[in-house]
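Report on the structure given below.
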Amino acid sequence: MVTITALFASVLTLLYIWLCFQVITTRRKEKVLLGDGDNKKVRRAMRAQANFAEYTPLALLLMGLAEIQGAAPWWVLIIGLVLLAGRSVHAYGFMDENENLKIRVLAMQCTFAALAAGAVTNLILSVF
């Protein structure tokens with residue numbers, strides 16, 4: 001069973017839906033029907049959503065595989081918490097027009113840490 005991964009997949013999906021609504025809301029406010037309309041606000045919302053979609057699925061896949069292979073539940077939980085923190089903070093930092101680059105860098109470090117932890121965990125569990 002992959003109950004820990006299912007929990008994080010559910011929470012992260014809700015965050016993704018929020019990001020989708022941010023794109024829709026921004027497009028409506030800026031009167032952009034297709035693409036980014038060369039509009040910085042729309043482009044920012046779209047990239048926040050796309051960035052989330054680019055990193056989150058692989059991390060969740062690695063978490064699920066680690067859980068299936070018998071990784072310690074506390075370890076999968078830590079990977080999930082780091083991933084959730086990274087993706088949440090990155091979304092917040094990306095959506096903020098006064099963008100604090102340090103926040104985004106920290107968020108990406110969390111995301112990469114979760115990805116690396118998931119990859120290394122699966123390598124170890126696959127070999128040993």
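Looking only at segment 71-90, residues that are out of contact with any helix residue (DSSP H, G or I) (no Cβ under 7 Å at 6 or more places or on another chain) and either part of a loop (DSSP other than H, G, I, E, B) or at positive phi (or both) come to 1 in all.
Name the single residue, out of those in segment 89-128 being polar (S, T, N, Q) and surrounded by fewer than 20 Cβ atoms within 10 Å (Cβ to Cβ), that is nearest to residue 58 (Cα to Cα).
122
Assessment of segment 17-37 against the conditions (within 30 Å of residue 126 (Cα to Cα), surrounded by 15 or more Cβ atoms within 10 Å (Cβ to Cβ) and within 14 Å of the chain's Cα centre (by Cα)) yields no matching residue. Taken over segment 66-88, the criterion of being free of Cβ contacts under 8 Å to residues at least 60 places away in the same chain, out of contact with any Ser or Thr (no Cβ under 7 Å at 6 or more places or on another chain) and buried (at least 19 other Cβ atoms within 10 Å of the Cβ) is satisfied by 79, 82.
Quick one: which residue in 78, 68, 103 is among the aliphatic types (A, V, I, L, M), over 13 Å from the mean Cα position of the chain (by Cα) and farther than 30 Å from residue 2 by Cβ?
Every option except 103 fails the conditions.
For segment 38-65, residues that are buried (at least 19 other Cβ atoms within 10 Å of the Cβ) and either acidic (Asp, Glu) or not in a helix (DSSP H, G or I) (or both) total 0.
All of the numbers you see were taken from the coordinates with simple rules; none came from a lab. Remember, it's a predicted structure, so these values are computed and weren't measured experimentally. Here Cβ is always computed from backbone atoms with ideal geometry, including for glycine, and neighbour counts include all displayed protein chains.
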